[in-house]
Amino acid sequence: MVILYGSNYREPSGSAEEFFIDVILQRHARRLLSAHHLMDLGHFAAYLDFHLVAWLGRERDRVARVDDFVAALKQLHLDFVWPYPVLAHPVSYYLQQKTSASGMVFMSLSYL
């Protein structure tokens, strides 16, 4: 936007406007990340030239911290249409007692 003052053209600094635009963009990025919408956050950063890596570095102790890993992983699978992992064998196969050569008995997943 150009403002005409007499015969001189002058462009406003826009620093306050840029600040408020940055605040709005950061707020939207926080909402996307807190909802675990990583694909949308990536599109947002790519299309608006949002510096995602620097922003994530600043937010690492706030919104970029994962509190609910299960919900975050499920949302990742939904966003990127990834299949869920499947077991190659029945669960009983993984829970069997296995004997080593020295005669020690191990329970493979019983302590989890």
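The values are calculated or read from the model by the stated rules, or taken from the named source; none is laboratory data. Only a predicted model underlies this, so the values are computations on that prediction, with no experimental measurement involved. Neighbour counts are summed over all protein chains in view; Cβ atoms, including those assigned to glycine, are modelled from backbone coordinates with ideal geometry.
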Worksheet item: Filter the stretch 1-45 for residues that are among the aliphatic types (A, V, I, L, M) and modelled with pLDDT under 60; which is farthest from ALA71 (Cα to Cα)?
Response: LEU4
Item to complete: Please go through the stretch 28-42 and pick out each residue that is within 12 Å of the chain's Cα centre (by Cα) and assigned to a helix (DSSP H, G or I).
Response: ALA29, ARG30, ARG31, LEU32, LEU33, SER34, LEU38, MET39, ASP40, LEU41, GLY42
Discussion item. Take the residues in the stretch 54-67 that are out of contact with any helix residue (DSSP H, G or I) (no Cβ under 7 Å at 6 or more places or on another chain) and part of a helix (DSSP H, G or I); name whichever of them is surrounded by the most Cβ atoms within 10 Å (Cβ to Cβ).
Written reply: LEU56
Discussion item. If I ask for residues that are under 20 Å from the mean Cα position of the chain (by Cα) and surrounded by 10 or more Cβ atoms within 10 Å (Cβ to Cβ), which ones from the stretch 68-98 would you list?
Written reply: ASP68, ALA71, ALA72, LEU73, LYS74, GLN75, LEU76, HIS77, LEU78, ASP79, TRP82
